[in-house]
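Let me begin by presenting the structure, written as structure tokens, before commenting on it.
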Amino acid sequence: MVEAITMAEIEERANRLGVDLSRLDLDSITLPPGQDSGIISDEDEDMLQDDEEELVFESGFGNVIVVDNLPVVPPMKFETLEGVIRRKFSGGIGMIKDRGIWMPMNPDNQKTLGYCFIEYNTPEQWLMDDKARDQFVIRAGSDTEVLWNDPRQLKPELVYRCSSWTESFVQWSPLGTYLATVQQKGAAVWGGANTFNQIKLYEHPQVKLIDFSPGEKYLVTYSSFKPTNPSDTHRAVLNIFDVRTEKVMRDFKGSADEFAIGGTGGVSGVSWPVFRWGGGKEDKYLARLGKHVIAVYETETFSLIDKKSIKVESVMDFSWSPTDPILALFVPELGGGNHPARVSLVQIPGKEELRQKNLFSVSDCKMYWQSNGDYLAVKVDRYTKTKKNTYTGFELFRIKERGIPIEVLELDNKNDKIIAFAWEPKGHRFAVIHGDSPRPDISFYSMRTAQHTGRGSKLTTLKGKQANALFWSPAGRFILLAGLKGFNGQLEFYDVDELRTMATGEHFMATNIEWDPSGRYVATLVTSIHEMENGFNIWSLYGKQLYRILRDHFYQFTWRPRPPSLLSTEKEEEIAKNLKKYSKKYEAEDQDVSLQLSERDREKRRMLPEEWDTWVNKWKQLDVEEKMARQMLRDGEASDEEEEYEAKEIEVEEVLEVLDEVVSHDEE
């Protein structure tokens, strides 16, 4: 809604915007029924001043524009003019609200005055759901659907469905503002809360992969083409678009092999994402791994920082801090072991090395950032002295502490194989699955405890669990220990604060798991990797299965992300302390829904006997109608009662085959 403002404020803003209020006939303004559009009546103005300490309104007209120089039309042409305005001012700017176009009229001739106000949906409009629900998108067969997760009703609620909406996949932008689809002409982005309209199209023929920057300012698209000459390599094109303007800020063209270094995998040999974003949600930097170099670009000009790449001989991998412009890079051993492997932290844009750790006898190395950038865990696989086997340990960097201290963590049995590692989101704990299948152990560690505030320590180890994957709730504390694929979908819901199992379950053949952004619900999936039982289950964070949806040819399930909370840390803590006060409203709503569901169940049980009686009567009636036909089949016998007939058994012999065979007898 538009903010509530006084007449004095309207005059001040009109002057600032260059709007001549003397040309406006304010008496001609007719508001939609039941709405005041934030315009205060004379009677309400004093009330607002009395209560201004209690009322908090949005500031600014960020979602309203004024369009001047429109044609002056009579009422019969209002609808036509409104349609033109919607086509002209939708899409590029945003989505116009329902009844969001207001054209003041001249009271004398009932014609428009030549200007209008347009109110757009805010990008966060979908977050204003009065039930505080989250959305998700699924693809099954040729259909793509956006749905509300409605655990109170124990089923999803359809928001939008479209057939052949995308040619390969869909992808939410990191803050949930847009849904991107892949089309022959390029990548399209759509937005909305209850309807999805195309907002932009980023032209890139035969696009195969896309990637948003964390702050949604930029979109990277990628395509590759088979060469006409079989001896040539695939050609690739990579574009970086400004999301708002659709302008190509930088493009890269060349052999597909040039884009095959680093990354976590993609299509046609490309390692995706080719570019990795740094500097948090400000989208200030992006970097790409090359041969003996890391090319770091700044997004103000999309040119290399200091016009040159960072030269690092044999650099194998790098990763950005999620929040700060800090690069962590890994270099393997060189010179037959004469030069040790190393992990380095480099500050951008100054390219200053903040910390370095040399590592010996290294076979492999993987880096895991904690979501707030407070810690970096480096998993190091090392050779034994014989070089025949390896063992694993962790190097733990405390990024935000003075001097960036490093701890070495080894498992109780350092020969255990590491199956999975995961940090607690926004927290200080991490979990490790280690040991041998099919029943490895799971250990939990903390980077700070009451006894050891400055160093890590083990919290507990769970022995012999059927799990090969770890899924923390986005809110922390709760974790789902899952046995996917070969482990047949074993699930264990665990409370790390209390160090106890809350529930166990199973989703047979589960292939993927997705937590919703709130951390209250989690989806377990069986995708089209398996031919049977395709679909998804929704569970509460405590391990109660809420509902199950089956869909043939089920390809994709993704929750719509939420932007960061606008509340301060202090406000969130205050809400947590007074949760009972805030939860009363929702408890009452839950009770109402529970009563509705109970009443629905009672009505269903009441209807079952009626349905049974109806079914029985239907067949009785059919029995009566077919009586004559049955009598004819019995040669005129009228009765259907079996006891009125004499049963006789008659044996019939039938010769099936006669075979003559000459048998010879040998003489002695």
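The values are calculated or read from the model by the stated rules, or taken from the named source; none is laboratory data. It should be emphasised that the depicted structure is a prediction, and the values quoted were computed from it without experimental measurement. Cβ: placed from backbone, ideal geometry, glycine included. Neighbour counts: every protein chain shown. Note: accessible area is taken over every heavy atom of the protein model, side chains too, but ligands, DNA and RNA are not part of it. Shrake-Rupley method; radii C 1.70, N 1.55, O 1.52, S 1.80 Å.
Measuring r between the beta carbons of Val658 and Glu611 and using R0 = 51 Å, the FRET efficiency lands at 0.30. Here r is the Cβ-Cβ distance between Glu157 and Glu313 and R0 is 41 Å; the resulting FRET efficiency, rounded to 0.05, is 0.15.
Taking the Cα centre of the range 189-312 as origin and assigning +1 to Lys and Arg Cβ atoms and -1 to Asp and Glu Cβ atoms, the resulting dipole is close to 200 debye.
Other residues lying with their Cβ under 11 Å from the Cβ of Glu258 contribute a combined charge of +3, Lys and Arg counting +1, Asp and Glu -1.
Pairs of Lys residues in the range 541-591, spaced 8 or more positions apart or belonging to different chains, with C-alpha separations under 22 angstrom: 5 in total. In the context of the full set of protein chains, residues of the range 132-206 present 37 Å² of accessible surface per residue (probe radius 1.4 Å, heavy atoms only).
The distance from the alpha carbon centre of the range 298-371 to that of the range 426-445 is 27 Å, rounded to a whole number.
For the range 187-268, the fraction of 1.4 Å probe accessible surface lying on carbon and sulfur atoms is 48 percent. Our coupling estimate for the range 150-156, obtained by passing each phi through the Karplus curve with A = 6.51, B = -1.76, C = 1.60 and θ = phi - 60°, is 10, x, 5, 8, 6, 6, x Hz, Gly and Pro reported as x.
For the pair His530 and Gln631 in one chain, pulling the backbone fully straight at 0.36 nm per residue adds 31.0 nm over the alpha carbon distance. Counting only residues at least eight positions apart within a chain, or on another chain, the lysines with an alpha carbon under 30 Å from that of Lys385 are Lys357, Lys366, Lys414, Lys417, Lys458, Lys463. Sorting 612-621, 72-81 by average packing, meaning the other beta carbons within 10 Å per residue, from highest down gives 72-81, 612-621.
The peptide list 222-228, 127-133, put in order of mean Cβ contacts within 10 Å with the highest first, becomes 222-228, 127-133. Here the alpha carbons of the range 374-446 define both size measures, Rg and Dmax, at 13.4, 42 Å. With the highest mean first, a sort of the peptides 319-326, 528-535 on other beta-carbon atoms found within 10 angstrom per residue produces 319-326, 528-535.
Probing with 1.4 Å while keeping every protein chain in the model, the per residue accessible area of the range 309-405 equals 47 Å².
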